[in-house]
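Values quoted throughout were computed directly from the atomic coordinates according to the rules given, and no laboratory measurement underlies them. Remember, predicted model here, so these are calculated numbers, not experimental data. Cβ placement follows ideal geometry from the backbone for every residue including glycine, while neighbour counts extend to all protein chains displayed.
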2 protein chains.
Amino acid sequence: MSGEFDLIRRYFTWPAHNAVLGVGDDAALLQPSPGQQLVVSADMLVAGRHFFADTDPVRLGHKALAVNLSDMAAMGATPRWAMLSLALPEVDEGWLGGFSQGFRALAEQHAVSLIGGDTTCGPLNLSIQIMGEVPPGQALRRDGAQAGDDLWVSGTLGDAAFALQSLLGKVRLTPVEASMLCLRLEQPQPRLALGTALRGLASAALDVSDGLAGDLRHLAHCSGLQAVVEVTTVPVSEVVQVLSPHPLYWQCVLAGGDDYELCFTAAPQHREALSALSRQLGLPLTRIGHMQAGNGVQWQEGGQPVDWELQGFDHFA
Amino acid sequence: MSGEFDLIRRYFTWPAHNAVLGVGDDAALLQPSPGQQLVVSADMLVAGRHFFADTDPVRLGHKALAVNLSDMAAMGATPRWAMLSLALPEVDEGWLGGFSQGFRALAEQHAVSLIGGDTTCGPLNLSIQIMGEVPPGQALRRDGAQAGDDLWVSGTLGDAAFALQSLLGKVRLTPVEASMLCLRLEQPQPRLALGTALRGLASAALDVSDGLAGDLRHLAHCSGLQAVVEVTTVPVSEVVQVLSPHPLYWQCVLAGGDDYELCFTAAPQHREALSALSRQLGLPLTRIGHMQAGNGVQWQEGGQPVDWELQGFDHFA
């Protein structure tokens, strides 16, 4: 069986183009860009909770990094470096090769270097840290929304949640539909280009990782405002659209996790710029409501308030 | 039961004096010191492998951070920020309170801010990332040793390994002896003051986390040299000294993990400066050998080569 250091060398060491010193010492050495702020975040993924243990390892490698890149996108940051700590129940070279391939492909696509981490034996656990940079004062925080701002969301919501329902056998889909949704669940695309383009346009932003309901509550709380959402305007994919009579429809669309779209606020004067940005990126940006005095989230259907109890995902709720 | 966000707020949020934005957004925002290099490292600790699940949580919180601070010490870096990701099988408020207390006390002692992380449900796993700073060119790397350099080690070796043997019932100690060694196993003191003082003195350094034998092999390999160690000069505590007839003696002293002392090389011209530094820090610094052309580690006993097969700890060996 390969040893720990062999594993790191074989699967997790490739040229780190933007590091002074990468994998192989007690720590990595990095040279931050002069005058930039550092943006850092961490996510831990546990088998059986965040992903099925039999998930395709290539897709899992992609997703493990994607959810972290999504945090960079939500801050308007340019990602630069990642660290990966892995607990593995056993050494499965096929799995490691696949995981490494998926992780590396997405990292190289965004010029992110893997500069360190740890490998140990234990119940399957992926812990990733991501570091990026942003010009001072330009980070997209959660606390900057103003009363009167529009509320926007990128892409479509609910795909990943319905993919999970499909995998659990609770929703019937054609194989083509199922695979389209599964791609969204297992290979989310972090909205990095959108994030950096929103600098100077968005007043607040976060990524929709735990479901719109829960995440929006955080944004409203941090900004000291209420978010008003017209639910009929929330963008959904064609596959999900067809499922609208399903009893889980609103729960999946408004509170399903794993979408990794960006939700952000912007002054109404930026509507035209945002429409142009949407066309430029080839990514739908949809206005779903606005911010006003108050607190929490007010759902409306056709302009009428509805009293829905929607909860975002909470690992200990 | 408390939710994830309550847990983070209650146990893992305290003022982050050196962060632009700490816990609570998609990522933390940090302002690196102008002109400094960034030093980053990660460690993952798994219950049942790196620690007993019933370890005192205060000590565990200390140790989880200490092993990361030790990596900063080994690089000659000043630690500044930490991230903590926790997988917990259940919410045990007593455990969390203790863990948080031990972690925070050590963090504040070294002016390290906890600026983010993740909390999730799963088999107990502690994943920590540490970030520090060092002036460009002054980091203590593994690859800088020169032929003719002295080989040094701080403190004493083997205490933690014998503590583990004692906990496993394989060594008989008096209660006082056992508790002295357990303190070394469970509350290691990262050698941060030594690390920064070694800038400009040491040519290479690492921390002894997996055992001198394994770690020294890395230093020798990275520097393209052979390390020669006179085993009778390796410093041990009084408690361990008495155990020298024990069949595990050399294995524990030379290959036992968890010591978190620094092992470093320095030109002979620095001997006096290092003796003065030892007195100043109140920390033994002992010359245990030298570097020469070749590879691997050559153990000597009374000047005679001995052919000992000693292995450092490897999670997958």
| query | Using r as the Cβ-Cβ distance of B:Val306 and B:Gln241, and R0 as 25 Å, what FRET efficiency do you calculate, to the nearest 0.05? | reply | 0.80
| said: Explain nothing, just the number: relative contact order of segment B:150-303, from Cα pairs under 8 Å at least 6 residues apart, as a whole percent. | reply: 46
| Among rounded, prolate and oblate, which fits segment A:25-161 when a ≥ b ≥ c are the square roots of the eigenvalues of its C-alpha gyration tensor, a/c under 1.5 means rounded, and a/b larger than b/c means prolate? | oblate
| Using alpha carbon centroids, what distance separates segment A:36-87 and segment A:181-211, in Å? | 13
| query | Between A:Arg279 and the same site in the other copies, what are the distances in nm, shortest first, taking label points 7 Å from Cα along the C-beta direction? | reply | 7.8
| query | Order of A:13-23, B:245-255, B:275-285 by packing, highest average Cβ count within 10 Å first? | reply | B:245-255, A:13-23, B:275-285
| message | With the cut-off at 1.5 for a/c, could you classify chain B from its C-alpha gyration tensor as rounded, prolate or oblate? | response | oblate
| message | Using alpha carbons only, how many angstrom separate the centre of segment B:259-290 from the centre of segment A:261-279? | response | 60
| task | Just add up the charged neighbours of A:Leu194: K/R +1, D/E -1, any other residue whose Cβ is under 11 Å from the Cβ of A:Leu194. | result | 0
| Burial ordering of B:Phe12, A:Phe99, fewest other beta-carbon atoms within 10 Å first | B:Phe12, A:Phe99
| Taking a label point 7 Å from Cα toward Cβ, how far is B:Asn18 from its twins in the other copies, in nm, shortest first? | 2.3
| field | Lys, Arg +1 and Asp, Glu -1 on Cβ, resulting dipole of segment A:4-134 about Cα centre, debye, nearest 20 | value | 340
| message | Among B:Gly94, B:Ser33, B:Gly117, whose Cα projects farthest towards the positive end of the dipole of segment B:4-134, with charges put on the beta-carbon of Lys, Arg (+1) and Asp, Glu (-1)? | response | B:Ser33
| said: Placing +1 on the Cβ of each Lys and Arg and -1 on the Cβ of each Asp and Glu in the protein assembly as shown, which of A:Thr286, B:Ile8, A:Leu198 has its Cα farthest towards the positive end of the resulting dipole? | reply: A:Leu198
| message | Give me the percent relative contact order of segment A:107-231, please, defined on Cα pairs under 8 angstrom at least 6 residues apart. | response | 36
| task | Name the residues whose placed amide hydrogens come within less than 5 Å of the amide hydrogen of B:Leu124, ignoring near sequence neighbours (fewer than 5 apart) on the same chain. | result | none
| remark: Computed for segment B:150-303: size of charge dipole around the Cα centre, +1 on C-beta of each Lys and Arg, -1 on C-beta of each Asp and Glu, debye to nearest 20, value 160
| Where does the Debye-calculated log10 I(q)/I(0) of segment B:150-303 sit at q = 0.14, 0.18 Å⁻¹, using only Cα point scatterers of equal weight, no solvent? | -0.66, -1.07
| 0 to 90° range, to nearest 10: angle between helix A:175-186 axis and chain A longest Cα axis | 70
| Can you give the FRET efficiency for A:Arg9 and B:Thr174, using 1/(1 + (r/R0)^6), R0 = 41 Å, r = Cβ-Cβ distance, to the nearest 0.05? | 0.40
| query | Net charge near A:Gln36, counting Lys/Arg +1 and Asp/Glu -1 over other residues with Cβ under 14 Å of its Cβ? | reply | +1
| task | Classify segment A:173-248 as rounded, prolate or oblate, taking a ≥ b ≥ c as the square roots of the eigenvalues of its Cα gyration tensor: rounded when a/c is under 1.5, otherwise prolate if a/b is larger than b/c and oblate if not. | result | oblate
| Hey, what did segment A:4-134 get for relative contact order, percent, Cα under 8 Å, at least 6 apart? | 40
| request: Work out, in µm²/s and without decimals, the Stokes-Einstein translational diffusion coefficient of the protein assembly as shown at 37 °C, 0.692 mPa s, Rh from Kirkwood over C-alpha pairs. | output: 127
| field | Charge dipole of segment A:235-295 about the Cα centre (unit charges at C-beta), most positive-ward option of A:Leu243, A:Ser275, A:Cys263 | value | A:Ser275
| How many nanometers, to one decimal and shortest first, lie between the label point of A:Thr174 and those of its other copies, if labels sit 7 Å from Cα toward Cβ? | 8.2
| Cβ-placed point charges (K, R +1; D, E -1), dipole of chain B about Cα centre in debye, nearest 20 | 580
| task | Mind giving me the FRET efficiency for B:Arg271 and A:Gln31? R0 is 30 Å, r the Cβ-Cβ distance, nearest 0.05 is fine. | result | 0.35
